[in-house]
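Down below is the structure, laid out as structure tokens.
The values are calculated or read from the model by the stated rules, or taken from the named source; none is laboratory data. It should be emphasised that the depicted structure is a prediction, and the values quoted were computed from it without experimental measurement. Cβ: placed from backbone, ideal geometry, glycine included. Neighbour counts: every protein chain shown. Quick note on the areas: whole protein, heavy atoms, side chains included, nothing else; ligands and nucleic acids left out. Shrake-Rupley method; radii C 1.70, N 1.55, O 1.52, S 1.80 Å.
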Amino acid sequence: MEMTSKLEDYLKERFGPETRLRDMEPLGEGVHGRAFLIRFSTPQKEEHLIMKALFPSRFGHDHYSDRAQVLLLANANYNEMPKHIKAVDVVAESPTKLISVRDAKEYYIFMEEAKGEAYFKDLDGILNTGRLTDSDVERSKMLARFLAQIHSVKYTGEDAPILYRRRIRDLIGHGECIMGIADSFESNDFITDDELVQYVEKCLPWWGRIRNKSDRLCRVHGDFHPGNIRLEGDDLTLLDRSRGSWGDPVDDVSCL
């Protein structure tokens, strides 16, 4: 369905069934995105709204969830500041309509139940017995073949250098990666704050060495650790692929 049809359906739902879309005029583009002037009429009068969309690349807007984060925060910040233009709504685009998320306070995901047992069980068995079984060897080969298969799909888009830099930057600075993990440790007998700082300092030069190797960008899982791998017989089921579709293959390998 075309955007104009989705937009008119949304306006009718938001302002009443007799609302009519009159025009959708491009206002121009900036560094972060583009804006449109929306003209529509209700039985009372003609109304205007500005609709803004963000570009998917640069400034950490690569994933649709990044753009949702920015717009939801803008909706709150606009309306909390005196003399600022007011946000009217935040919407998401589906294949058939525009969906309001203005009043959302929390988000949830529903998914199928994964069968099998976490790969941790196999690794604990190796630790406890001190030996590998034939099943251990075959399962490790299965996991290796799976990674080789997905990593063979390379990213060929023109924005590969930007996307790869984002992934390497996130590796260092994201809350779920090195900096966030370091911040999750408290200074104790296992590690001190000084040791954590020294570790992060050693990571930064690697960021500089690999940030331009976008030829390595390929399909990845992104969180391929034993807790996200469920095994049942000679088959596997994966959980929690939540950091984007593309990255460096060494990420998946190093998780194991």
(Q) For Cα pairs less than 8 Å apart in space and 6+ apart in sequence, what is the mean separation divided by the residue count of the stretch 1-117, i.e. the relative contact order in percent? (A) 17 percent
Q: Taking all pairs of distinct Cα atoms, average 1/r, flip it, and tell me the Kirkwood hydrodynamic radius of the stretch 120-256 in Å to one decimal place.
A: 16.9 Å
Q: Please work out how much accessible surface Asp235 shows to a 1.4 Å probe, ignoring ligands, DNA and RNA, in Å² rounded to 10.
A: 90 Å²
Q | Rh by Kirkwood over Cα pairs, then Stokes-Einstein D for the stretch 39-99 at 0.692 mPa s and 37 °C, µm²/s | A | 242 µm²/s
Q.
Using only alpha-carbon positions, what ratio does the radius of gyration of the chain give when scaled by 2.2 N^0.38 Å?
A. 1.33
Q: Before anything else, pin down the relative contact order of the stretch 78-119: Cα pairs under 8 Å, at least 6 apart, normalised by residue count, whole percent.
A: 21 percent
Q: Please give the solvent-accessible surface of Lys154 in Å², to the nearest 10, using a probe radius of 1.4 Å with every protein chain present.
A: 100 Å²
Q: Quickly work out the Ala144-to-Asp235 label distance, labels modelled 7 Å from Cα along the C-beta direction, and quote it in nm with one decimal.
A: 2.4 nm
Q: Please report, as a whole percent, how much of the solvent-accessible surface of the chain comes from carbon and sulfur atoms (probe radius 1.4 Å).
A: 54 percent
(Q) Excluding same-chain pairs closer than 8 in sequence, count the lysine pairs in the chain whose Cα atoms lie under 21 Å apart. (A) 15
Q.
Report the gain in length on full extension from Val253 to Glu47: 0.36 nm times residue separation, minus Cα-Cα distance, nm rounded to one decimal.
A. 68.6 nm
Q: Give the relative contact order (percent, whole number) for the stretch 72-167; include only Cα pairs under 8 Å separated by 6+ residues.
A: 11 percent
Q: Mind putting a number on the dipole of the chain about its Cα centre? Charges go on the C-beta only, +1 for Lys and Arg and -1 for Asp and Glu, and I need it in Debye to the nearest 20.
A: 1120 debye
Q) Per residue, how much accessible area does the stretch 124-197 have with a 1.4 Å probe, in Å²? A) 68 Å²
Q | Helix-derived mean residue ellipticity, 222 nm - over the chain, DSSP H n ≥ 4, -39500 (n - 2.57), to 500 | A | -13000 deg cm²/dmol
Q | C-alpha center-to-center spacing [the stretch 44-105, the stretch 173-201] in angstrom | A | 35 Å
Q | At least 20 Å along the helix axis (C-alpha) and Kyte average at least -1.0, DSSP helices within the chain | A | 64-80, 134-151, 193-210
Q) With every protein chain kept in the model, how would you rank Arg169, Arg102, Arg209 by accessible area, 1.4 Å probe, largest at the top? A) Arg209, Arg169, Arg102
Q: Tell me the Kirkwood hydrodynamic radius of the stretch 100-197 in angstroms, computed as one over the mean inverse distance between distinct C-alpha pairs.
A: 18.8 Å
(Q) With every protein chain kept in place and ligands, DNA and RNA left out, what is the accessible area per residue of the stretch 43-113? Probe 1.4 Å, answer in Å². (A) 83 Å²
**Q.** Heavy-atom accessible area ranking, 1.4 Å probe, most first, across Tyr107, Tyr10, Tyr155, Tyr78
**A.** Tyr107, Tyr78, Tyr155, Tyr10
